[in-house]
Amino acid sequence: MSYRVVITANAKTNLRSYYVRAAERAPVTAARWLDRFEEALQTLADNPRRCPLAQEDDLVDVKVRQLLFGRGRSVYRALFTISGDDVQVLHVRRAVRDTATPEEFLG
């Protein structure tokens, strides 16, 4: 089964802010990073259930999973849900950041 990957406005805003910060120091590298991250998000179309539940899963009534992207100190988590044939990417967080709040999932 193939899923449609939907990147929400919140997730796009998160990605944009990380990209802008990185582009201030290394624009070419930041652009490649963004392209690779977006490609990684599209792999969720094939098998999103391969990704583990996120620590935020206990905060809300829907299953929240995470796709990890990056390595070393630059690991990011794409938080997403699966609803029917859609994978909704809700947020992108640095892996070292605190968990998202329930309000962030409801807003």
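How high is the relative contact order of the stretch 1-70, in percent, with contacts defined as C-alpha pairs under 8 Å that are six or more residues apart?
Working: 41 pairs, mean separation 21.5, N = 70.
Value for the stretch 1-70: 31 percent.
Stretched out fully, how many nm does the piece from Ala95 to Arg16 gain, at 0.36 nm a residue minus the Cα gap? List each step's numbers first, then the result.
Numbers: separation 79, 0.36 × 79 = 28.44 nm, distance 1.65 nm.
In short, 26.8 nm is gained.
Calculated FRET efficiency, Glu24 and Arg4, Cβ-Cβ r, R0 41 Å, to nearest 0.05? All intermediate terms of the calculation are to be shown ahead of the outcome.
On the way: r = 33 Å, r/R0 = 0.81.
According to the calculation, E is roughly 0.80.
Which FRET efficiency, nearest 0.05, do Asp58 and Ala31 yield, Cβ-Cβ r, R0 41 Å?
E(calc), rounded to 0.05, equals 0.70.
Using only the alpha-carbon atoms, how far is helix 27-42 inclined from the longest principal axis of the chain? Give it as 0 to 90 degrees, nearest 10.
Roughly 20 degrees between the two axes.
Comparing Val28, Val20, Val64, which has the greatest mean-square fluctuation in the GNM of the chain with Cα pairs linked when under 10 Å apart?
Val28
By how many degrees, between 0 and 90 and to the nearest 10, does the Cα long axis of helix 9-25 differ from the longest principal axis of the chain?
Between helix and principal axis, roughly 20 degrees.
Each residue of the stretch 78-87 in order: what ³J(HN,Hα) in whole Hz does its phi give by Karplus 6.51 cos²θ - 1.76 cosθ + 1.60, θ = phi - 60°, with x for Gly and Pro?
9, 8, 8, 10, 10, 9, x, 9, 10, 10
What ranking do Leu59, Leu79, Leu41 get, fewest neighbouring Cβ atoms within 10 angstrom at the top?
Numbers: Leu59 17, Leu79 26, Leu41 20.
Listed from fewest to most nearby Cβ atoms, that is Leu59, Leu41, Leu79.
Read phi for every residue in the stretch 43-50 and hand back ³J(HN,Hα) as whole Hz from Karplus 6.51 cos²θ - 1.76 cosθ + 1.60, θ = phi - 60°, with x for Gly and Pro.
With coefficients 6.51, -1.76 and 1.60, one gets 5, 5, 5, 8, 7, x, 6, 5 Hz.
So how strong a dipole does the chain carry about its Cα centre when Lys and Arg Cβ are +1 and Asp and Glu Cβ are -1, to the nearest 20 debye?
560 debye
Any read-out appearing in this document is the output of simple, stated calculations on the displayed coordinates, not a laboratory observation. Predicted model, so just to flag it, every value in this text is computed and none were measured. Cβ coordinates were reconstructed from backbone atoms using ideal geometry, including for glycine residues, and neighbour counts include every protein chain displayed.
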